[in-house]
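First up is the structure itself, then whatever we jot down about it.
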Amino acid sequence: MRRLLILATLLAVLLAAFWLGGETLLARELRRLDARDPTVRIEAVSELREARRIGVQLSALRLDTPAGRLELPQADLWLAPLRPTEIRLNLPAQALLDLGAGPVTLGLTEAGGRIRLRPLAGGALDSAGLSTGPVTLDGAPLATSLGVTAALVPTGDDSPPNTMAAYDFALRTDRLDLARLTGGLPWPGPLQLDANGRVWLDSAPGPTRLAPGTRPLLIGLRIDRGELKLGPLAARLIGQLRADEQGRAEGRLALYTPDAAPLLRAAADAGLIPADAVGPAETVMRTLGAFPLAAAPGAKGDEAGIAGMVFPAPAPGELRLSLRLADGRMSLGPVPLGPAPVFPR
């Protein structure tokens, strides 16, 4: 009995040391990140000191990205003692977002995320997820739900050169109100997006790759299935892109839709294209949709592919538009569109 009591006491001391030391270490690393990274601002980092959670609370967190600025009044970063490889993130009910047109208030419902690490692989990211329930924009409904997940997978023969990590991802938005995001433009209805694919990176993300200059770079993207609905209109997108030697995107994207004409009219109603351009544009789109793609090895009929990815023939009544990026240029079928965009990094 005495030995059992000594063992229990020793275990309690070790758990307490892990609890106190883990929180102190995490808080110190986050303060260092705030000091050396100009895109991250944290006003205060405090240890949680809770029995069931080992973690920290961040106050007045600000993230600056090329897409815009996100500000959170607070966020909790923690893990459960019995699951030390899985980090949890609790987000507040409100956040401030500025995409360049001025700050707006996002209302979040049960928003949070998770990150699972691989301790035996240097703490590399194994999987991650971020989700929220109903979202509001300045108090008005914006979306029913948003979510994204990613999971580490083996790299394959179709991986771009210099690939060191690959992740399968899934992205979903439910009833996203584009009119509220675009200043009231008359879209045909809410956006429903359900997509999955793979990203290739030059290194695996992890706690040791947070500082500028050490973060993983995106070197390839594949969309296996991208289903879009805009009110009653539907389209699907597949494709694959990677960075060429000059850092520009190369590859191919294909958009399939039975609603080409209604989509053009919706674009005209939203002011994206002139109304008198709808008829000529529809004719051009149908001509380009009939343009054949280069046949892939072993492909059947009107199938085509690149780097092991097959682009099937359009279904009856469906239009296929192919965007090709190669040699630093971009073209829609045989029509040149100009320089290929710089691949996002």
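The values are calculated or read from the model by the stated rules, or taken from the named source; none is laboratory data. Since the model is a prediction, treat every value here as computed from it, not as a measurement. Ideal geometry is used to build each Cβ from the backbone, glycine not excepted, and the neighbour counts take in all protein chains shown. Side chains are part of the model used for accessible areas, which takes the heavy atoms of the whole protein and leaves out ligands, DNA and RNA. Shrake-Rupley method; radii C 1.70, N 1.55, O 1.52, S 1.80 Å.
Structural remarks
- Residue match in segment 67-82 (condition: more than 20 Å from the chain's Cα centre (by Cα) and free of Cβ contacts under 8 Å to residues at least 12 places away in the same chain): yes
- Filter result for residue 305 (modelled with pLDDT under 85 and open to solvent by 50 Å² or more (accessible area, probe 1.4 Å)): no
- Filter pass, residue 91 being without any contact (Cβ under 8 Å) to a residue 40 or more places away in the chain, surrounded by 13 or more Cβ atoms within 10 Å (Cβ to Cβ), touching a strand residue (DSSP E or B) at 6+ places or on another chain (Cβ under 6 Å) and among the aliphatic types (A, V, I, L, M): no
- Those residues of segment 167-205 which are more than 30 Å from residue 121 (Cα to Cα) and among the hydroxyl-bearing types (Ser, Thr, Tyr), in sequence order: 173, 182
- Checking each residue in segment 309-342 for being in contact with a strand residue (DSSP E or B) (Cβ under 9 Å, 6 or more places away or on another chain) and either on the phi > 0 side of the Ramachandran plot or not in a strand (DSSP E or B) (or both) picks out 312, 313, 314, 315, 318, 327, 328, 333, 338, 340, 341.
- Residues located in segment 164-198, provided they are modelled with pLDDT of 95 or more and β-branched (Val, Ile, Thr): 173
- Test: residue in segment 327-342 that is closer than 19 Å to residue 237 by Cα, modelled with pLDDT of 85 or more and open to solvent by 30 Å² or more (accessible area, probe 1.4 Å): yes
So that you can scan it fast, the table gives a plain yes or no per residue for (1) within 18 Å of residue 87 (Cβ to Cβ); (2) outside any helix (DSSP H, G or I); (3) small (Gly, Ala, Ser); (4) open to solvent by 80 Å² or more (accessible area, probe 1.4 Å):
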| position | (1), (2), (3), (4) |
| --- | --- |
| 24 | yes, no, no, no |
| 29 | yes, no, no, no |
| 35 | no, no, yes, yes |
| 42 | yes, yes, no, no |
| 45 | yes, yes, no, no |
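Let's see how each residue does on (1) within 20 Å of the chain's Cα centre (by Cα); (2) within 26 Å of residue 177 (Cβ to Cβ):
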position	(1), (2)
223	yes, yes
228	yes, yes
233	no, yes
242	yes, no
245	no, no
257	no, yes
269	no, yes
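- Filter result for residue 52 (modelled with pLDDT of 50 or more and closer than 30 Å to residue 100 by Cβ): no
- Test: residue 61 is at pLDDT below 95 and either hydroxyl-bearing (Ser, Thr, Tyr) or open to solvent by less than 40 Å² (accessible area, probe 1.4 Å) (or both): yes
- Qualifying residue in segment 106-129 (condition: hydroxyl-bearing (Ser, Thr, Tyr), closer than 24 Å to residue 57 by Cβ, open to solvent by 30 Å² or more (accessible area, probe 1.4 Å) and assigned to a strand (DSSP E or B)): no
- Of all residues in segment 254-302 being in a loop (DSSP other than H, G, I, E, B), among the hydrophobic types (A, V, I, L, M, F, W, C) and loosely packed, with under 13 Cβ neighbours inside 10 Å, the one that is modelled with the lowest pLDDT: 294
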